[in-house]
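Below is one structure, written out as structure tokens; comments come after it.
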Amino acid sequence: MNASAPLPPGLYIVATPIGNLGDLSPRAADILSRADVVAAEDSRVTAKLLHHIGVKRPMQPYHDHNADAVRPSLIARMAAEVVALVSDAGTPLISDPGYKLVRDARAAGVTVTTVPGPCAAVAALTLAGLPTDRFLFLGFLPPKEKAKADAIVEIAAVRATLILYESGPRLAATLTTLQGVLGDREAAVAREITKRFEECVTAPLSQLAARYAEAPPKGEIVIIVAPPGEESAPKEQDINALLQDALTRLPVGQAAAEVAKATGLPRKELYSRAMALKA
């Protein structure tokens, strides 16, 4: 991009570093330094990034709590001004509400330009050593146990590597729930990506759950889970384990339905087995 030429007005989606500030691209730095306003998830975080590149720009907080109120004025400004959208870290719109700004900007005839760069989900996938040819990004799972398990059941049969975000305090519990629904698949936990103490541990879900139950890490984490193996008849002990896990959260009928969805086995057969286990 020619730095001497004025930037065309519109919305610029600018990816920012997920840890190492050296990952900010020259193009991203150029656009941020010349934006009329930077729409930021947290202006304090973005102020540090702008200070790193030696500039000060007007900022407009744009996050979950004010997005609906702020969006119309930002769209109006895009007709004649350069509006840069950033998140606290990584690529905007990935697990944040920015897509609504893009949707409304496009509907208003505004030019939308992407400035790609770091993304924690993709970075973790490259570290994990698990299949990368097909993957499904799940973002953050629901925090409540039943809702979390239900969300995992929905995607249990998807033949793709799974990518999800989690916080340190909830990591071990989520790994345990993943194992309970999916079986003991190979998985990876990536943390501190691009930072000094970057770590990616690959092991079966059971081992990862035990590891992080003893020492919960800080910060946000990416979990990568391998796709299901070749189709085979579920083992008796695996079926019983799934049913027993479901029975801790659900009535017998719903537990049978959950495991039927995950395994493809007849619900009636699983209902009988669940009744026997409960007795």
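The values are calculated or read from the model by the stated rules, or taken from the named source; none is laboratory data. Just so we're clear, the structure is a prediction, and the values are computed from it rather than from any experiment. Glycine also receives a Cβ, built like all others from the backbone with ideal geometry; neighbour counts cover every protein chain displayed.
Tabulated results
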read-out	value
Residue within region 192-205 that is in contact with a strand residue (DSSP E or B) (Cβ under 7 Å, 6 or more places away or on another chain), at pLDDT 95 or above, assigned by TED's automatic domain parsing to the domain that holds PHE137 and part of a helix (DSSP H, G or I) present	yes
Residue count, region 53-77 (criterion: over 19 Å from ARG103 (Cβ atoms), outside any loop (DSSP other than H, G, I, E, B) and among the aliphatic types (A, V, I, L, M))	1
Some residue of region 40-58 being hydrophobic (A, V, I, L, M, F, W, C), in contact with a strand residue (DSSP E or B) (Cβ under 6 Å, 6 or more places away or on another chain) and in contact (Cβ under 8 Å) with a residue 40 or more places away in the chain	yes
Set ALA173, ALA210, ALA203, ALA157: member being touching a residue at least 40 places away in the same chain (Cβ under 8 Å) and in contact with a helix residue (DSSP H, G or I) (Cβ under 9 Å, 6 or more places away or on another chain)	ALA157
Flag if ASN2 is at pLDDT below 95 and closer than 30 Å to LEU164 by Cβ	no
Residue that is surrounded by the most Cβ atoms within 10 Å (Cβ to Cβ), among those in region 248-276 that are on the phi < 0 side of the Ramachandran plot and in contact (Cβ under 8 Å) with a residue 40 or more places away in the chain	GLU258
Lone unmet requirement of (1) on the phi < 0 side of the Ramachandran plot; (2) assigned by TED's automatic domain parsing to the domain that holds GLU145 for GLY219	(1)
Any hit, region 89-97, residues being surrounded by fewer than 17 Cβ atoms within 10 Å (Cβ to Cβ) and out of contact with any Phe, Trp or Tyr (no Cβ under 7 Å at 6 or more places or on another chain)	no
Region 46-78, subset surrounded by 14 or more Cβ atoms within 10 Å (Cβ to Cβ) and small (Gly, Ala, Ser), residue farthest from ASP23 (Cα to Cα)	ALA67
